[in-house]
1. Work out the charge dipole of the chain with +1 on the Cβ of Lys and Arg and -1 on the Cβ of Asp and Glu about the Cα centre, then indicate which of Thr239, Gly145, Thr214 is farthest towards its positive end.
2. Put +1 on the Cβ of every Lys and Arg and -1 on every Asp and Glu Cβ in the chain; which of Met265, Thr191, Ser80 then has its Cα farthest towards the positive end of the dipole?
3. Roughly speaking, what is the centre-to-centre gap between the stretch 8-46 and the stretch 119-151 when only Cα atoms are used, to the nearest Å?
4. Pairs of Cα atoms under 8 Å, at least six residues apart: use those to get the relative contact order of the chain, whole percent.
5. The stretch 117-169: D in µm²/s via Stokes-Einstein (Kirkwood Rh, Cα pairs, 25 °C, 0.890 mPa s)?
6. Over 21 Å between Cα atoms, which of Lys147/Lys254; Lys135/Lys160; Lys160/Lys264; Lys242/Lys264; Lys135/Lys254; Lys42/Lys147 qualify?
7. Give me the one-decimal Kirkwood hydrodynamic radius in Å for the chain, with the sum taken over alpha-carbon pairs.
8. Mind putting a number on the dipole of the stretch 11-285 about its Cα centre? Charges go on the C-beta only, +1 for Lys and Arg and -1 for Asp and Glu, and I need it in Debye to the nearest 20.
Amino acid sequence: MEAGGGRGLGAVVITGASSGIGRGCALHLDSLGFQVFAGVRKPSDGERLESDASERLQPLALDVTDADSIGRAASQVAESVQDRGLAGLVNNAGVAISAPLEFIPIDELRRQLEVNLVGQVAVTQAFLPLLRRAKGRVVNVGSIGGKVALPFLGAYAASKFAMEAVSDSLRRELLPWGISVSLLEPGSVSTPIWEKGIRTGQEVLERLPPEAHTLYGDAIDALQKAAGETAERGVPPLTVAKVVEHALTSPRPKTRYAVGRDAKMRIALTRVVPDRTMDRLITRAMGL
């Protein structure tokens, strides 16, 4: 399945397509000639996508934490593609929740894992029969946070470390059917997830006891400042979308793709730098 002419590239489902990486992937794959089913939770987000895309792109009402929503989305796609099946599934939906693990509300920890991990598995289960028909491919959007866990992002990192394991197991389980599974490990990407993460973090902070602010207040302020800077220097979503294109169309897709200079640098550091030294480098870089 080669990209180029933009014809006969098949159908692809993308979760979390309302903004950021997901939106970038939806528009880029549409421009290549894929039939894109762009997963969104709000009709207005779907309308914005339609206005910027070809008539092939179809918004898909999809909440990865809602079993009924996933079932309806799978039925809608199955009715459209029928025996052609799916050429690809891009599991991109995700949130970032920041808080010290000592005080993070357990319901927020559960939500982090439900969206970033459990929801991805639930969506994959629903669409695998269609992927098997077309010998399609799965692309999981992880994070460099699945290799290097930053302070106060432990819940987020846990979800992304888990996606590393899920992607490895799924890739090996699907070998008999020739279904490729690739994992993206982006570093800093200029997307709204960081702004949303800051807002969510502030909401979580309001729920923390006074002791948490006394112990961690200055460090959390430093983290939020670093998050804002991360959004400014991140690579554009199109950079990630082009990597997704490779994972979906290359005769030899990689099992893992580090995206961005900072992601590649961190992976290289983990191979040679001792944990204690890495601790000091990270806390110093974040101004903690």
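None of the figures in this text is laboratory data; all of them are computed from the coordinates on show. Computed from a prediction, not measured in an experiment: that's the story for all the values here. Backbone-built Cβ (ideal geometry, glycine too); neighbour counts: all protein chains shown.
1. Highest projection toward the positive end goes to Thr239.
2. Met265
3. So the separation of the two Cα centres works out to 15 Å.
4. 20 percent
5. 203 µm²/s
6. Lys135/Lys160; Lys42/Lys147
7. This gives a value of 19.4 Å.
8. Rounded to the nearest 20 debye, it is 1180 debye.
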